[in-house]
Structure formats: C-alpha cells, structure tokens
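Have a look at the structure below, then the notes.
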Amino acid sequence: MQETRAQILDALSGEAVSGPALAEELSITRAAVWKHIEALRAAGFEVASTENGYELTAVPDFGGNAVEFGLDAPYEIAYYDSVDSTNERARELADAGEENVVVLTDRQTDAKGRLDRAWESPSGGIWLSILTRPDLPATQAPIVTMATAVATARAVESTGIDAKIKWPNDVLVDGQKVAGILTEMEGEADRISWLVVGVGLNANVEETDLPENANATSLQAHEEPIDRRACTQALLEGVHELLQTPQEVLPAWRKRSSTLDRRVRVDTPQGEITGTATDVVFPGALIVETETGTERVTVGDCEHLRADRGET
Ligand code: BT5
C-alpha cells in the first residue's frame, strides 16, 4: 500500500484524528490528506468525517489493501481479482528480483497442484503464493512447506474449526481436504535463490464447486461466514513467525498430524512403501516402519490405510 495511506490508516486505527492534525503528523498539506482519504474510501475503507475528525469505521472484507492493513508480517501484497496461477505470478516476480511479496487472488483460472495436477480455485477462496529468499540450502526447503502447513492449520483453527495435517502438506477438516500447498524453488544446492510457497485454502467456496471424488471440503461448509481477511492475515503471520523459529515447526506439525501412528501407503518416485508412519523428522521426512525395516520418505503421495480393513 502507498506509504502515506498506510500511515493515515495507522493514525486512524486508534481514535478520530482531525485533518490538520494528520497533516502535521505526516508533514503533508491538508489538501493532500483529503486526497489520500478519498483514495482510501475508493479502495473500500470507510472513513467517516465526524466532529472529532476522520474516523476509520470499516475495513474492506478482502483484497490487497485489506490484508496489508494491520498485517504483522513483512510482506507486500500483490492482489488480483483473478489470475491464472498465483505461483506463476510469484515466479515472474522472483525473476524480476522481488522478495517478500505475497500474490493473492479471489479466483484462479489455471492453478496447479503437485505433479502437474490441476487445482480448482473458484471465487471466494484464499489462493496465495508467498515469495521469499530464505537463507537455506535447497535440501532444507521442505521445512518451509511444513511451516506453511502448520500456519494454514492454525489459520483454519482461528476460524473456530479443528484442522489436521496429512503428510506432507494437506490440511484436512473432518478427514476431508480443505487446503493444499505447492512449493517451487530455484537455486544451487547450497543456497535457495527464491522459494514460492503456494497455498490454496477453500474458504468461502461451495463444496459443489470443488472437484468430485477428491474428498474436498470448504471452511464455509463448517462455519459461516469466514472472515477471509483475518484468516489470510493469520496464515501469513503464522508462516513468518514459524520461519523465525524453525525448531517449533515439527512439534507443531506432529501435534496436528493425522498421518502419524497410522498405516500408510506412500507412492514415491522409488516405488511404493507400505507400513506404519511413526514420526516426521527434519526437514519434513516421514518415517515409515515397514516389514523389512525403517524407511525415511522425503517425497511422495501418502494414502492413509484402514488398519481394521486390511490394506485395500
Ligand atoms: C496440492 O496438490 O494440494 C497443492 C495445491 C496448491 C494450490 C495453490 S493455490 C495457490 C497456488 N497457485 C497455484 O497455482 N497453486 C497453489 P496435490 O496434492 O497434487 O492435490 C491436487 C489434487 O487435489 C487434484 O488432483 C484434485 O484431486 C484435488 N483438488 C483440486 N482442487 C481442489 C480443491 N480446491 N480442494 C481440494 N482438493 C482439490
């Protein structure tokens, strides 16, 4: 958001402030204050003119300005009403040298899941990609994905809904997928150049707009209405906070895991592994006890098996 407008919003967050007082505080003219207030109104902020001065009475429901306002994380928001894929936009920003930018949109027309699968993104979801340049070797990138899964689960919890995480990074509500994460990066083995972590969270979307046979759900199906602005802020703040304290990521992940202590079948590039998932270890590998020994799985699609029904 434009710097002076952000300062005006900050100033108005507590109490009403008069035009002259704002002008003095920000070292701008009264006419400039008026122009900025008009621009904020046009952007959806409700600023009342009272006898005590300007008063902020409402913030837009969603959008770049809404999410940036009051956000306690160092990310700039690049908002689109509609975009092909936020990960694609973020990759372009990475190529242009940007960092700490979040591409956010209301709907996507060509969004991606892992392994070239498609991701349905109707209007009303929280579809975003965080572009950072973490000071990590490429091999440790999965910890960023794990942190994002925890932050997404916590953001869901902030709406009053219980969330679990299925390895590696699906967020589930009542056993159904409510969010997915796609991490992409570029760099040398010893250092990541850029990393884009994309999150698709089915917030205010109809379940009927989600793919059939995908066991998908939306937050809206469990609790209404979902405050997308607050939920997005919680998610971004959670990611930022966890990346400062990486040692907290796996304990928080384990606490919400729906995979640990279960029979699983993991489809990996090296073949299928079946056994009991016993732990997750840095930077995000799943430990599976199989009949022939202990396996440490770093990538793959995981299926939970029902112990009581055999491995079908
Ligand atoms: C994922 O892939 O779960 C990662 C999804 C990442 C999407 C975000 S949205 C913002 C950013 N921009 C992008 O272009 N992508 C990221 P995967 O584990 O491969 O799951 C994909 C499968 O989930 C599909 O094959 C469907 O079966 C199912 N699916 C598709 N859309 C879904 C949805 N909205 N909710 C739940 N399941 C869905």
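Read-outs: derived from the displayed coordinates by stated rules, not from any lab. Since this is a predicted model, take the numbers as computed values, not measurements. Here the Cβ is made from the backbone with ideal geometry for all residues, glycine too, and neighbour counts use every protein chain on show.
Give me P(r) over the chain, computed from all C-alpha to C-alpha distances, binned every 20 Å, as integer percentages. Taking every Cα pair in the chain, the percentages come to 31, 52, 15, 2.
Within the chain, the longest run free of GluC sites (Glu not before Pro) that sit in a DSSP loop with at most 13 other Cβ atoms within 10 Å is 52-205.
Modelled label positions at residue 276 and residue 92, each set 7 Å beyond Cα in the direction of Cβ, lie 5.1 nm from each other.
Compactness ratio for the stretch 242-285: Cα radius of gyration over 2.2 N^0.38 Å (N = residue count) comes to 1.33.
Computed over the stretch 12-131, the percent of Cα pairs more than 19 Å apart is 58. Residue exposure proxy: 5, 265, ordered by other Cβ atoms within 10 angstrom of their Cβ from fewest to most, comes out as 265, 5.
Evaluate the stretch 91-141: find the radius of gyration of its Cα atoms, find its Kirkwood radius, and give the ratio Rg to Rh. My calculation puts Rg/Rh at 1.03.
Helix-only arithmetic for the chain: the sum of -39500 (n - 2.57) across DSSP H runs with n ≥ 4, divided by the residue total, places the mean residue ellipticity at 222 nm at -8500 deg cm²/dmol.
For residue 164, the lysines whose Cα comes closer than 26 Å to its Cα, not counting residues fewer than 8 places off in the same chain, are 112, 177, 255. For 121, 27, 49, 218, the sequence from fewest to most other C-beta atoms within 10 Å is 27, 49, 218, 121.
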